1. Rounded to the nearest 500 deg cm²/dmol, what is the calculated helix-only ellipticity per residue at 222 nm for the chain, with -39500 (n - 2.57) per DSSP H run of length n ≥ 4?
2. Quickly work out the Thr205-to-Ala727 label distance, labels modelled 7 Å from Cα along the C-beta direction, and quote it in nm with one decimal.
3. Mind putting together the pair-distance distribution for region 124-163? All Cα pairs, 5 Å bins, whole percent per bin, short to long.
4. Given all pairs of different Cα atoms, what value in angstroms does the Kirkwood hydrodynamic radius of region 632-770 take?
5. Calculate the tail of P(r) for region 258-311: the fraction of all Cα-Cα distances greater than 14 Å, expressed in %.
6. Just the number please: accessible area per residue for region 714-769, 1.4 Å probe, all protein chains included, in Å².
7. Between Rg and the Kirkwood Rh of the chain, both from Cα atoms, what is the Rg to Rh ratio?
8. If I ignore ligands, DNA and RNA and count only protein heavy atoms, how much of Arg129 is accessible to a 1.4 Å probe, in Å² to the nearest 10?
Amino acid sequence: MGSAVSSSVEQGRSGGRCARQVALLLAALTIACAFCSPPASAAPASTKASTAPTGQAAKPQDKLVIDADELVYDRDKNTVSAVGSVQLFYQGRILQADRVVYNRTTKRVYAEGHAKMTDEHGDVVYGSRFELSDNFREGFIDSVQVLTSDKTRFTSPRVERSNGAVTVLSKGAYTACEPCKEHPERPPFWQVRAAKIIENQETHTVYFEDAQMLVWGVPIFYMPYFSAPDSTVNKQTGLLAPQFVSGANLGYGLSLPYFINLAPSYDLTITPTYLSKQGLLGEIDWRQRLTNGVYDIRAVGIDEQQPNLFPTYPYGAGDQRLRGSLKTKGDFFINPLWQFGWNLTLLSDKFFANDYKLQGIDFNNYYFQDVVSSIYLRGQSDLSFFDLSGYSFEGTTPNDDNRRLPVAAPVLDYNRMFLLPEDRTYGLGGEATIDVNVANIHRNNAFYQSTGLETFDNAYHLYDVCEQVINGRYVNTYFPGPCMLRGIAGDYARASGELSWQRSYIDPIGEVWKPFVFGRLDGQGTAINEDGVITYASAIGSSSVPNYAQAAFFSGSSQGAFARGMVGLGIEYRYPFVSSSWFGTQTIAPIGQFLARPSEVIPRLQPNEDSQTLVLDETNLFAWDKFPGYDRVEGGTRFNYGFQYTANFANGGHFNALAGESIQVAGQNSYKLYDPTNVGLESGLDKTFSNFVAGETLQPSSAPVFLISKQQFDSSTLQLRRFDAIAKANIWGLSASLDYALYAAQPALGWQYPREGLTGNATYQFLDRWSVSGSLVLDMSRHYYDTEVQSTSVFYPVGYSIGMGYKDACTTFTIRYSSALSAPAAYPAYAGGPVVYNPAVRNQTLMFQLVLRTLGDVKGNVGL
């Protein structure tokens, strides 16, 4: 005989249905004691959120709770059955089905009809029939589909679960891809089919035996055995996905990274790479996270089998066998305002990073491949900034002689702004600023560069020298005029401090007046090292670069300490005229600025290390000091004027233009004064009336499309001297930028010919998941430097790349081809001898990466 209690599963009803619900709950709790008592060995509650019945605590229940339309107890068969919309809640797990039967004799639970079980991790198992132990820890499930909390999927005709921790899927399939919504019957983009898929929830590992990788249902490759961490694991000790590499000097190589999870806060990755031509390349990568920051250390090294495959020095590392690098980076926060860190790199030779593809080619910065090591302490608040740093530079191309590169330590920058309330400053108001810079620079050998046509050494035609051919022979010209001293050999220290005040006033008719005053003091000490000579020698010829020639640039001085000061005052005037119309608002503002100060006094021994890159444009037209850096300071009285036009369109776009000129009114023009680097000459400022400058920015609408342009025109002939144009767009799936530049020749600065170039890159996304990309670098001045055996077209690309990518919720695949042209080396005729030419080499690389979510990634870097 059986007894039954029926109830509705709906909540919040009144009257008889509510009373019946309470009766069912009381009956369920009573029967639960006999239905399934929790064993003493029950697993502890998971820390993850679990599903609980309405009205129950989120903590996993120690006793079974049942919600069903009907409960039936059959004393003859010793079974308890739950029928109709059944839900069983136990220790964070939920079993749902049309019918659930518990056999008290065999202690087995049977679930049929739309059966579904959700475990304490949020993983969901669907099956046609469940047969489980009374604590859900063991059993079988037929026709299984598993959906995990991280949206991965398992399927199998039969699953066996044992010990509450091990689940075996026979003839199973696994994927992290979601089924196609329009055609769910189609196979996923990728899946792994295996004779057995074993998930161990104690080790949190999924094992695959006799497995195949399928793409759109087609087998791609076979794997007899592999494993992967389950969805609860962030990192786990084991082999990572392999990486492939090849190159003309390296051969074919395979990397097998091994990850060691030492602790939650630190780990180690060991990556051996076997290269068919060079042997074993070893790499060790240590990472650690501390309470206030992170750091890592990466060491790479090799004992080469065939070093002779690389170019001989100075074009390559030559016969050097032991090669490697050590790199470490750290970032730490002392508090919300202060942080310190470092980024340090040590190379066995300057060619190692490029030879072993440790750094890729950035086509946006094609000509800059220096390795910069630094260490810093930095603090920043709303009104102040502090930075104490040290820098070391190392070139990585054959044209770099690292003996000429500096070490800058320490370098201090401090800036503080003070807002001055009128009521506490006797009506003065405005803002005051303190700006401090301290720098100490050391270099072993002097860095010279010729004026006019840049000249290179006679031995390798790689390094800057100051030599001229006179009567068929090379003659040193290491003195001002034909030569510049870009950087001194020795030590140079300087400290600079500036105090300034400014305030804006608006008069009754809308005119804006901004008076300002400033004072600056510099102290410096210089000790030139006149010992040492760099000699470049080969069968072609030789060149010597002497340190002793530096004194010629400083009137014979080799050391000294000096102080200088500069004070100035001025006023800036603007009068904006505003109009409104149907297409937006327009503002036209004439601008005038007057600065009065004494002439610049340059100490007899004044190196210039940080004020060399002077460019006059609209951004510094109204700057009080147009010199970059601190080694030079502008003097003399100037009047700067310009006109600014701004339009804000009704459609969300805008246009801004600024044009003007700088006029030397009185005193010495700083940009005509002698400097070892010739800074200021041919800048457009080295005359009473400077060149005209203009700059424009256009965004036609609210869409992210921008056009930026800059021009500089000769004030006498109106000839275009400089032109820059940048176009950027991010619309309709297209993200692109194009940068074009044209600069007139500046022989005094070592640019005998005009410079012209174009860089661009674009990425287009289509069909939601696919993308194509490309980049381009055109050096349109390269043909000026052709030798007798070389002919370069104006639009010849020195670097370009093209790629394609695919990305969805489960897969990322990218493939990219890049080509970069090395610098040619040509040895000019020596004493009437022949020209020897070493042509530029085009380096071609094919890179690809396949990332399968939850399984890992495969990378390749193949030289062509």
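1. It lands at -1000 deg cm²/dmol.
2. If labels sit at Ala727 and Thr205, their model points lie 5.7 nm apart.
3. 7, 25, 28, 25, 13, 1
4. Numbers: mean 1/r = 0.0563 Å⁻¹.
It is 17.7 Å.
5. Values: 877 of 1431 pairs.
Result: 61 percent of Cα pairs exceed 14 Å.
6. 60 Å²
7. 1.09
8. Ignoring ligands and nucleic acids, Arg129 comes out at about 80 Å².
The values are calculated or read from the model by the stated rules, or taken from the named source; none is laboratory data. Because the structure is a prediction, the values reported are computed rather than measured. So basically every Cβ, Gly included, is an ideal-geometry build from the backbone, and we count neighbours across all protein chains shown. What goes into the accessible areas is simple: the full protein's heavy atoms, side chains included, and nothing from ligands, DNA or RNA. Shrake-Rupley method; radii C 1.70, N 1.55, O 1.52, S 1.80 Å.
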